[in-house]
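Read the structure below first, then the notes.
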Amino acid sequence: MPSTVAAQALAPSSRSRLGPSAALWLVASLVVSFLAASSAPSPLYGLYREAWGFSALTLTLIFSSYAIALLAALLVFGALSDHLGRRVVIVAAVVLEIVSVLLFWQAQSPAWLLAARIVQGFATGIATASLSATLLDLDPARGALLNSVTPMFGMALGALGTSALVQYAPQPTRLVFELLLVLLILQALAAVFLPDTLKPRPGAWQSMKPRIHIPSAARATLLRILPLNTAAWALGGFYLSLGPTLAKLVTGQRTHVVGGAAIATLVLAGAVSILYVRARPARPVLLGAASLLSAGLLLTLGGVHLSCGALFFGGTLVAGLGFGASFNGAVRSLVPLAAAHERAGLMSSFFVLSYLAFSLPAIAAGLCAGLFGLQATALGYGALLVAMGLTALLAMPTRPTSPSQ
């Protein structure tokens, strides 16, 4: 089978493979790199729009093409590492990510950005479930924590780091991707030496039939957390697409760092929240997350309406605490319900639903921003997310449904 030959070609001798601790941190760094690369273009969109003159709708379509491609990759390849093994799938995903960064590096029009985002989405989709499952394979306790924290840190690093380069460095639309290229090439070489955490098993071709694979034991829990998870990811999608422009509008400042700071405030607050709640039972964490998300959004809407930067960023921080807690509570509620050979499939299904919430509302927001203006769109979008957060709060059971919760 061609895939088996590829896997054998990538396999170093067992003596040269990384130990569990080194492998854990390498995989965590790969999650950071993938998510940093995904958020890095956000602060650059303003420069691209100035250079090529495209609309807010075109911007959100470019942004969301990433999530749509990611969804397609999750549906087709999400469970592939459960059959081929983790390492070969991870290495292939990193190579594809390098191709996307090369496209960004040479971008000459919106079409180039669209192509780069689609390739990047496929790469991240292939990597997401494999990296998440590998972290859990290597260390279930620390892996669950890293699965929650590293995406937040990666998004913050990509957005804030790129904003700083835009503000202070020459040729940021090239320098950002040159730095990412060097990092990803080094990580691709290191990933070849990852240990096998799961033995290959038959069924690789069958696993690539597009489907949502949710173990029966996890279905009720997933349905229960879906409203909150949808609201949290829809908030993230809005911030990563239109957030930098909105932050400049609210504060009246035109510096690029302000836009990156809005994204970083949301996701770094999420990371802090995860560190705080990681040892607490999942059910009260989800209840608190719904409350924080709703309260933070109300404060943010006040800042948008009053053009008050302090209120806007304060609300973003509170909403970010809810964002992080909801993600951590959701992952910890789901992971114990899947066997080892079901983890990649479950995580891919979870991320399919999450990225649908991440992308489709953002596309609608881009369309509305062109019709009604960004401020009015932000107010309406935020009000809908508040309603979803309150609905999730009311729908959450008042008692644990399982001993783990």
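Rule-based calculations on the coordinates, nothing more; no lab input. Remember, predicted model here, so these are calculated numbers, not experimental data. Cβ: placed from backbone, ideal geometry, glycine included. Neighbour counts: every protein chain shown.
Comparing Cα centroids, the stretch 135-163 and the stretch 52-119 end up 19 angstrom apart. Less than 13 Å Cβ to Cβ from His341, Lys/Arg counted +1 and Asp/Glu -1: what total charge do the surrounding residues give? Residues near His341 contribute +1 overall.
Quick check: the distance between the Cα centres of the stretch 290-337 and the stretch 242-258, to the nearest angstrom? Each part reduced to its Cα centre gives a spacing of 19 Å. Ordered by the number of other Cβ atoms lying within 10 Å of each residue's own Cβ, fewest first, Phe193, Phe372, Phe153, Phe312 fall into the sequence Phe372, Phe193, Phe153, Phe312. Peptides 380-393, 88-101 ordered by packing proxy, namely the average of other Cβ atoms within 10 Å per residue, highest first: 88-101, 380-393. Per residue, the convex hull spanned by the Cα atoms of the stretch 79-227 measures out at 155 cubic angstrom.
Selection among Ala169, Thr221, Ile185 by position relative to the dipole of the stretch 122-224 gives Thr221 as farthest towards the positive end (Cβ unit charges, Cα centre).
As a length-normalised measure over Cα pairs under 8 Å and 6 or more apart, the relative contact order of the chain settles at 25 percent.
Once a ≥ b ≥ c are taken as the square roots of the eigenvalues of the Cα gyration tensor of the chain, is the result rounded (a/c under 1.5), prolate (a/b larger than b/c) or oblate (a/b not larger than b/c)?
Values: a/c = 1.83, a/b = 1.21, b/c = 1.51.
It comes out oblate by the Cα gyration axes.
Step by step: find N for the stretch 310-384, compute 2.2 N^0.38 Å, then divide the Cα radius of gyration by it. What's the final number?
Values: Rg = 16.4 Å, N = 75, 2.2 N^0.38 = 11.3 Å.
Against the empirical 2.2 N^0.38 Å value, I get 1.45 for the stretch 310-384.
With Cβ to Cβ distances under 12 Å as the rule, what net charge do the other residues near Leu145 carry (K, R +1; D, E -1)? Display every interim value, and only then the final one.
Details: positive: Arg142, Arg278, Arg332; negative: Asp139.
Cβ neighbours under 12 Å give a net charge of +2.
For the peptides 359-369, 263-273, 278-288, what is the packing order when you average, over each peptide's residues, the other Cβ atoms within 10 Å and list the highest mean first?
On the way: 359-369: 21.5, 263-273: 25.0, 278-288: 18.8.
By packing density, highest mean first, the sequence is 263-273, 359-369, 278-288.
Our helix-only sum for the chain, with -39,500 (n - 2.57) per DSSP H run of n ≥ 4 divided by its residues, gives a mean residue ellipticity at 222 nm of -27000 deg cm²/dmol.
Taking the Cα centre as origin and putting +1 on Lys and Arg beta-carbons and -1 on Asp and Glu beta-carbons, what dipole magnitude results for the chain, to the nearest 20 debye? It would help to have the intermediate numbers written out before the result.
Values: 22 positive and 8 negative charges, 131 e Å.
So the dipole magnitude of the chain works out to roughly 640 debye.
Given their separation in residues at 0.36 nm each and the Cα-Cα distance between them, Ala217 and Cys308 gain 28.1 nm when the chain is fully extended.
Give the peptides 248-261, 116-129 in descending order of average Cβ contacts within 10 Å, highest first.
Numbers: 248-261: 19.1, 116-129: 25.6.
With the highest mean Cβ count within 10 Å placed first, the list reads 116-129, 248-261.
Shape analysis of the stretch 5-129 based on the Cα gyration tensor places the equivalent ellipsoid semi-axes at 32, 15, 12 Å, largest first.
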